[in-house]
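Working notes for the structure below.
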Amino acid sequence: MSEIHGDREEREPCPPDKIIYDPQRGVRICLETGEVLEEQIIGDEAEWRAYTPEEKSRRARVGGPVSYAKPHMGIDVYIGTLREGSGRKIRGLSKRIEAIRVQRGFRMGRTLGSLEKNINQAIQLIDEIAAKLELPMAVKEEAAKLYREAAHRGLTRGRSIESMVAAVVYAACRSHQIPCTLDEISRLLKLREADAKREVARNYRLMVRDLDIRIPVIEPERFVYRIASALKLPDPVIVDAIKIVKESRRKGLTAGKDPSGLAAAAVYLASLKHGVRKTQKEVANVAGVTEVTVRNRYKEIAKALNINNV
C-alpha cells in the first residue's frame, strides 16, 4: 500500500521489463504509466548508418579487441597515409613533404625495449607452432598470456626463447585438454638435443610453480584417438583401445602414469588383438614417448588384465 506525503505519492518502482529507451529523445520511459524515468541520456550508438559489412568496417572508428597473441596486445600507434582528417589527399608539395618528414621521424624515433622485443619474437614463434599444430585461438591466446606473465616476472631472463615458448604452448594445451606432448612441440622448434628438451621440461615446471597454473590431468582416451588416427587404424582397434584404458583405470593402473604412454600401450595391445601389426617403435614415435615406456606399460596392462595370446 502506497503512502502519501503531502501532495506526493510514492509509487511502486516500474518493472525493468516495462522500461524502454527512446534513442530519438534520449529518455527512458515506463510502458505501464508513461512516466519519463530518465532523460538527457547520452547515446552510445553510432551516428551513421551502414548497409553493408564493408561500409560498416570502413566507417567504424574502433579497432579489434585486445589480444595477448598480438604485438602490443593489438593496440598500437601509427602515422597514417598522406591524407587529411576528412580523408582527402594532402595537397601542396610543402605539406606532403612535411607529412613524410613526420612519418620518418616517428619511425626513427620509435625504439622497442629488450622486453618488448623478446615478447614480439616469442609471439611469432607461438603463431608458427599454433599454425602447424592447428591449435584453436583460445590456446594461442593462453600461451601468449602465459609468456607475457613469465616475461614481466623475469622468468625468461637467461633462458632461450624457443624453450620458453615450447613450455607455454605445452601448458596451454594441457589447460585446454588438448593431447600434445613436449617432444612434439620441441621437434617443431627444432630442439632436438637432449639438453634442450630437459630445459623445456624445467621451464614448464618453473612456470607451473611460479605462475600458479592449474593443470588438469588429460585422460588417456584423448591420446588414443590421436595415435590411432596417425597410424590409420580401423575403428574396432580404437574401440578396444578405449576399453583397455577404462579397464586399466578401474584397476588403478593409470595413477601417476603418463597418459600418452598408457594410450600408446593400449593402442599397441588392441592392434595385436585385431591382427594389425604395428611395431612398438611406430606407436612410440607417434605418441611421443620411448619404446621402453610403451613396453613397460604394455607388460603392466597385459598382466593386470590377463591379456594373453597377443
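Odds and ends about this structure:
- Within segment 273-297, residues that are under 20 Å from ILE185 (Cβ atoms) reach partners that are of a type in the set (Asp, Glu) with beta carbons closer than 6 Å, at six or more positions or on different chains, in the pairs ALA284/GLU291; GLY288/ASP183; GLY288/GLU184.
- So GLY256, is it under 17 Å from PRO236 (Cα atoms) and surrounded by fewer than 16 Cβ atoms within 10 Å (Cβ to Cβ): no
- Enumeration of residues in segment 259-281 that are surrounded by fewer than 17 Cβ atoms within 10 Å (Cβ to Cβ) and closer than 25 Å to LEU182 by Cα: THR279, LYS281
- Any chance VAL286 is assigned to a helix (DSSP H, G or I), at pLDDT below 90 and either crowded, with 22+ Cβ neighbours inside 10 Å or under 32 Å from the mean Cα position of the chain (by Cα) (or both): yes
- Residue count for segment 185-201 satisfying the condition of being among the charged types (D, E, K, R), part of a loop (DSSP other than H, G, I, E, B) and within 18 Å of ALA131 (Cβ to Cβ): 1.
- Selection within segment 74-102 - modelled with pLDDT under 75, over 30 Å from GLU141 (Cβ atoms) and outside any loop (DSSP other than H, G, I, E, B): ARG83
- Looking across segment 146-184 at every residue that is assigned to a helix (DSSP H, G or I) and among the small types (Gly, Ala, Ser), the one that is surrounded by the most Cβ atoms within 10 Å (Cβ to Cβ) is identified as ALA166.
- Residue identified as in contact with a Leu (Cβ under 6 Å, 6 or more places away or on another chain) and either in contact (Cβ under 8 Å) with a residue 12 or more places away in the chain or in the same structural domain as LEU182 (by TED's automatic domain parsing) (or both) among PRO220, PRO216, PRO236: PRO220
The values are calculated or read from the model by the stated rules, or taken from the named source; none is laboratory data. The shown structure was predicted, so the numbers you read here are calculated from the model rather than taken from an experiment. Heads up, the Cβs are rebuilt from the backbone with ideal geometry, glycines too, and the neighbour counts pull from every protein chain shown.
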